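Participant: The following block contains the structure, expressed as structure tokens.
The values are calculated or read from the model by the stated rules, or taken from the named source; none is laboratory data. Just so we're clear, the structure is a prediction, and the values are computed from it rather than from any experiment. All Cβ positions, glycine included, derive from the backbone under ideal geometry; neighbour counts span all protein chains shown. These accessible areas exclude ligands, DNA and RNA; they are computed on the full protein's heavy atoms, side chains included. Shrake-Rupley method; radii C 1.70, N 1.55, O 1.52, S 1.80 Å.
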Amino acid sequence: NKTINFLNKIKSKVKKIIFLSSVEVFDGKKGNYKENDTKNPLNFYGMTKEKVEDHIENNFQDYCIIRTGWNIGMDPKQRCVIKLTYQTLLKENAKMAEDNFFTITHVEDFASNLLKIIGIVDDKIIHLSSDHKLSRTELADYIIKNSKLGPKMKFQSVKFENINFDEPRSRLNDLNNDLSRNKYNLKFRDPFKTIDQKIKILDDYFSKEIN
């Protein structure tokens, strides 16, 4: 509501609206979501993004909605899929869904690509995300293999439906980025380089906590 109120307040003062949205506007049943796929959010965060998207589409002429997936920063205190998986692996009875897929985008890639297109993009919706999807178990195995704390980590591989979440989550959480790659020639680094960088930071951070 605050975002919509703000948009209404500045409507007469701005030429174009750029809104950052999320893969969470989709229900995660099919994955590889394209810009024009039907939205059907499962959780509160996704619903808030959908409502603002709908408001922009219905009330503005010149706009671009930019959706993304997991963006990874290097602050060890920042919440991200790598840190969440890392922390879970250190707990007893950790479970990882073998059929849960997502993308990992370095936040620097997202920011630099956003700056490249923000003044020239003429599409109403565009997906700005790495197109290399990986599974939760693949990420967990990689963390265990490459972390200094790997010997303290283990997990049970299960189906997504056997994971208990505080609120509904999407199983197939990846975006199709053909438009951003082919039309705007945007590039993203190998996600495993991002994972390697974050693991080193988390190793240092959690080793101090454990010791």
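Participant: Given 49/124; 9/116; 133/193, which pairs have Cα atoms separated by over 19 Å?
Facilitator: 9/116
Participant: Spelling out what I want: for every residue of the range 36-49, take phi, set θ = phi - 60°, compute 6.51 cos²θ - 1.76 cosθ + 1.60 (Karplus), and round to whole Hz; glycine and proline get x.
Facilitator: Whole-Hz 3J(HN,Hα) from phi for the range 36-49: 9, 5, 5, 7, 6, x, 9, 10, 4, 4, x, 5, 5, 5.
Participant: When the accessible area of the range 118-211 is split by element with a 1.4 Å probe, what percent falls to carbon and sulfur?
Facilitator: On the range 118-211, the fraction of accessible area on carbon and sulfur atoms equals 45 percent.
Participant: Can I ask one more? In deg cm²/dmol, rounded to 500, what helix-only [θ] at 222 nm does the chain give when every DSSP H run of at least 4 residues adds -39500 (n - 2.57) and the total is split over its residues?
Facilitator: Dividing the helical sum by the residues of the chain leaves -12000 deg cm²/dmol.
Participant: Stick to the Cα atoms of the range 133-208, pair each with every other, and give me the Kirkwood hydrodynamic radius in Å at one decimal.
Facilitator: 15.1 Å
Participant: Then there is this: Could you state the accessible area per residue of the chain in Å², with a 1.4 Å probe and every protein chain left in place?
Facilitator: About 55 Å² of surface per residue is accessible.
Participant: DSSP loop trypsin sites (Lys or Arg not before Pro) in the range 133-201 with at most 12 other Cβ atoms within 10 Å of their Cβ, which ones?
Facilitator: Qualifying residues, ordered by number: 159, 187.
Participant: For the range 1-127, place one equal point scatterer on every Cα, skip the solvent, and apply the Debye formula. What is log10 of I(q)/I(0) at q = 0.17, 0.20, 0.21, 0.22 Å⁻¹?
Facilitator: -1.03, -1.30, -1.37, -1.43
Participant: Continuing with the same structure: What FRET efficiency comes out for the pair residue 148/residue 12, r = Cβ-Cβ distance, R0 = 45 Å, nearest 0.05?
Facilitator: Working from the Cβ atoms, E equals 0.20.
Participant: Moving to a separate point now. Which whole-angstrom value gives the distance between the alpha carbon centres of the range 61-86 and the range 140-211?
Facilitator: If we compute the Cα centre of each part, the gap is 12 Å.
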